[in-house]
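*Asks:* Structure provided below as structure tokens; questions to follow.
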Amino acid sequence: MSALLLRDVRLAARAGGSAMLALAFFAGVATLVPLGIGSDLARLARIGGGVLWVAAVLAALLALDRLFQADYEDGSLDVIALSPLSLEAAAAAKTAAHWLATGLPLTLLSPLLGVMFGLPPDGLLALFVSLLVGTPAVSAMGAVGAGLTLSVRRGGLILPLIVLPLLAPAVIFGAGAVLEALDAIPNGALGLLAAFSFAACVLSPFATAAAVRLNLGS
Amino acid sequence: MDAGQALAIEGPNGAGKTSLLRMLAGLLAPASGIIRIRIGGAEIEDGEERGKLAGWLGHADAVKPQMTVRETLSFFARLYGSAPAVDEALDRLGLARLADLPGQYLSAGQKKRVALARLALCARPLWLMDEPLAALDGAGKRVVADLVASHCTDGGIAIVATHEPLGLDCRRLVLA
């Protein structure tokens with residue numbers, strides 16, 4: 001399992017990999033939005049959490065459509081499917097690699113970008129923690145979509161339609177957690193986000209493996 | 001088929017050679033009928049269990065453009081839990097010179113050799129090979145014949161879909 005995880009992280013980090021693409025997209029959006037909204041810091045701080053969460057989800061999605069498709073096209077997926085590793089374990093390894101290559105770097109960069117939105121220190125902390133807790137759910141839900149669309153040419157068009165509705169709770173609770181820190185009114189968003197993320201991570205490998213199995217047999 | 005035998009599957013394009021191999025590997029469920037493997041007194045009918053016995057050489061070579069030949073082979077050796085005898089496999093396929101070259105610089109024939117090295121490295125009893133001779137030069141074709149022959153001598157089974165003669169003694173199955 002660690003062999004597959006290590007290989008996927010390496011591939012994502014190399015030239016032509018998806019890790020830098022996602023990070024650049026995230027930073028680009030977070031830089032452009034304050035320029036478009038204007039310099040009203042109070043207003044920027046209100047929307048900061050929501051905008052950064054939406055940007056993080058879209059950035060992670062950029063790297064998702066190749067999660068299984070690249071291995072499917074060059075024949076690696078057949079060889080991986082026949083290895084001693086079960087498809088469930090392979091799906092979990094590839095999902096974890098996607099998170100390490102996109103979700104984790106986005107999370108680490110987020111406090112810096114939060115400053116551009118004038119978020120106070122406890123807002124920055126809430127943003128960081130909510131992304132740390134919530135981005136695994138983005139990779140987990142996304143993997144199911146990537147598994148379903150792996151044999152579809154131009155699957156990148158269908159993937160967001162499948163995955164984005166499933167990720168609405170993560171965006172709502174994630175942005176809610178930042179607002180909780182700003183308003184100092186407890187709303188329980190972080191707990192709900194953690195529960196959602198946990199359920200997504202536990203169930204995703206099974207759903208993803210079922211989707212991949214379906215596609216390999218066709 | 002018994003241990004130590006090789007089988008060549010022949011037939012025109014679209015006859016179902018690749019589909020048959022995918023069914024044997026458990027990647028594709030047969031529409032009807034069962035595939036049974038007897039090994040050590042046990043009978044295996046489940047597709048995924050059958051897959052754990054199979055070494056797969058598809059028409060796609062599973063070579064990543066960003067990974068060097070050595071990285072590709074050691075990854076698959078680790079994934080299959082087999083001995084990391086990468087240098088030996090490279091030598092056998094005449095790839096020693098290319099070990100540290102990324103996959104994107106390899107020709108089609110060189111990629112096929114990497115896939116063959118992977119097959120030899122992964123140490124599975126049942127080899128399923130789809131057009132192993134495609135894109136190979138004369139020397140490469142002889143290497144394939146040697147590989148299959150030594151695999152069978154070691155008690156393995158090789159089932160090979162091919163359009164060309166393999167250059168060794170084997171049974172033939174012609175799909176119409």
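Coordinate-derived values only; no laboratory data. Remember, predicted model here, so these are calculated numbers, not experimental data. Here the Cβ positions follow ideal geometry from the backbone for every residue, glycine too, while neighbour counts run over all protein chains shown.
*Asks:* Would you give the gap between the C-alpha center of the stretch B:25-56 and the C-alpha center of the stretch A:143-161, rounded to a whole Å?
*Replies:* 29 Å
*Asks:* Now, a different point. Could you bin all the Cα-Cα distances of the stretch B:14-138 into 10 Å bins starting at 0 and give me the percent of pairs in each, rounded to whole numbers?
*Replies:* Calculated over all Cα pairs of the stretch B:14-138, the distribution is 13, 40, 31, 15, 2 percent.
*Asks:* Taking each residue in B:56-65, count the Cβ atoms of any other chain within 10 Å of its Cβ, then average. What number comes out? Write down the numbers at each step before the final one.
*Replies:* Numbers: counts 7, 3, 6, 1, 8, 4, 8, 3, 8, 5.
Per residue, the average neighbour count from other chains is 5.
*Asks:* While we're looking at this one, here's another question. Using a Cα-Cα cut-off of under 17 Å, which lysines could be cross-linked to A:LYS94, ignoring same-chain neighbours fewer than 8 residues away?
*Replies:* B:LYS64
*Asks:* Also, quick follow-up: Label points 7 Å out from Cα along the Cβ direction at A:ASP40 and B:GLN104: separation in nm?
*Replies:* It works out to 4.7 nm between the two label points.
*Asks:* Something else about it: What order do you get for A:1-10, B:113-122 when each peptide is scored by the mean count of other beta carbon atoms within 10 Å, highest first?
*Replies:* Descending packing order for the listed peptides: B:113-122, A:1-10.
*Asks:* Could I ask something else about it? Evaluate E = 1/(1 + (r/R0)^6) for A:ILE172 and B:ILE44, where r is the Cβ-Cβ distance and R0 equals 41 Å; express this FRET efficiency to the nearest 0.05. Present the calculation step by step, with values, prior to reporting the outcome.
*Replies:* Numbers: r = 48 Å, r/R0 = 1.18.
The value I calculate is 0.25.
*Asks:* Same structure again: Can you give the three extents of the C-alpha atoms in the stretch A:84-202 along their principal axes, from longest to shortest, in whole Å?
*Replies:* Computed over the stretch A:84-202, the largest-to-smallest principal extents equal 48, 26, 24 Å.
*Asks:* Additional query: When you look at the Cβ of every residue in B:21-31, what mean number of other chain Cβ atoms sits within 10 Å?
*Replies:* Numbers: counts 0, 3, 1, 0, 4, 4, 7, 3, 2, 0, 0.
Mean shielding count: 2.
*Asks:* Also, quick follow-up: Listed highest first by mean packing, meaning other Cβ atoms within 10 Å per residue, what order do A:17-23, B:67-73, A:197-203, A:77-83 come in?
*Replies:* A:77-83, B:67-73, A:17-23, A:197-203
*Asks:* Grab the DSSP H runs of chain B that are 4 residues or longer, score each as -39,500 (n - 2.57), total them, divide by all residues and round the 222 nm result to the nearest 500 deg cm²/dmol. Before the final figure, lay out each step's value.
*Replies:* Numbers: 6 runs with 62 residues, N = 176.
The helix-only estimate for chain B comes to -10500 deg cm²/dmol at 222 nm.
*Asks:* Sticking with this one: Stokes-Einstein D for the stretch A:25-120 at 4 °C, 1.567 mPa s, Kirkwood Rh over Cα pairs, in µm²/s?
*Replies:* The diffusion coefficient I find is 84 µm²/s.
*Asks:* Using a Förster distance of 25 Å, how high is the FRET efficiency between B:ALA139 and B:THR68, based on the Cβ-Cβ distance and rounded to 0.05?
*Replies:* FRET efficiency, B:ALA139 to B:THR68: 0.65.
*Asks:* Another one. What is the ratio of the Cα radius of gyration of the protein assembly as shown to 2.2 N^0.38 Å, where N is its residue count, to two decimals? Mind dumping the intermediate values first?
*Replies:* Details: Rg = 24.7 Å, N = 394, 2.2 N^0.38 = 21.3 Å.
Relative to the 2.2 N^0.38 Å estimate, the protein assembly as shown comes out at 1.16.
*Asks:* Still on this structure, please answer the following. Between A:SER2 and A:LEU157, what is the FRET efficiency for a Förster distance of 35 Å, r being their Cβ-Cβ separation, to the nearest 0.05?
*Replies:* Values: r = 34 Å, r/R0 = 0.96.
E(calc), rounded to 0.05, equals 0.55.
*Asks:* Related question: Which translational diffusion coefficient, to the nearest whole µm²/s, is obtained for chain A from the Stokes-Einstein equation, given a Kirkwood hydrodynamic radius over C-alpha pairs, 25 °C and 0.890 mPa s?
*Replies:* Using the Kirkwood radius from Cα pairs, D works out to 140 µm²/s.
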